[in-house]
1. Please work out which one of (1) at pLDDT 95 or above; (2) under 19 Å from R75 (Cβ atoms) is the condition S51 fails and give its number.
2. Filter the stretch 1-40 for residues that are among the hydroxyl-bearing types (S, T, Y), open to solvent by 60 Å² or more (accessible area, probe 1.4 Å) and modelled with pLDDT of 95 or more; which is nearest to V71 (Cα to Cα)?
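The values are calculated or read from the model by the stated rules, or taken from the named source; none is laboratory data. No experiment lies behind these values; they were computed from the predicted model shown. Please note: Cβ atoms are built from the backbone with ideal geometry, for glycine as well, and neighbour counts cover all protein chains shown. In case anyone asks, the SASA skips ligands and DNA or RNA and just uses the protein heavy atoms, side chains included. Shrake-Rupley method; radii C 1.70, N 1.55, O 1.52, S 1.80 Å.
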Amino acid sequence: MGATVTTSAAGQPLIPQPPSNVTALRQAVAQVSPAALPAFTRELDLAADQSRQGSDLAPLQRFIAQWAVCVHIQRQPQLAEELRRWEDMAATGDAAQARRSAAEIGRILDGATTSLRPGPG
């Protein structure tokens, strides 16, 4: 699995969207955003601990949903770059730019979340 794919043909995703499970998401993160692997592992450990302590799967379900969205965005280089630009503007711009950036970041995240929802059965 060594090399990371960094280009896509004509705006195509770098990889297919993986199933929403820890193993598949970890492999996808390693391909599309290897620098995020330490955060993935840290957050997985935290979610697993919270799930065990509370006898509740909700923390693990939130973790999987969050990382599925991350992979959905990062596997699309143009969308990932757009997100990075808005994040940078939110961090460095004035209040109006920060509000506009927050709205655009929300639009990107909402779009990814919507794309990952199963269609009508």
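1. Checking S51 against (1) at pLDDT 95 or above; (2) under 19 Å from R75 (Cβ atoms), the one that fails is (2).
2. Of all residues in the stretch 1-40, those among the hydroxyl-bearing types (S, T, Y) come to 4, 6-8, 20, 23, 33.
Of the ones still in play, those that are also open to solvent by 60 Å² or more (accessible area, probe 1.4 Å) are 6-7, 20, 23.
Next, from what is left, pick out any that are modelled with pLDDT of 95 or more: 20, 23.
Working: S20: 10, T23: 13 Å.
For the stretch 1-40, the residue satisfying everything is S20.
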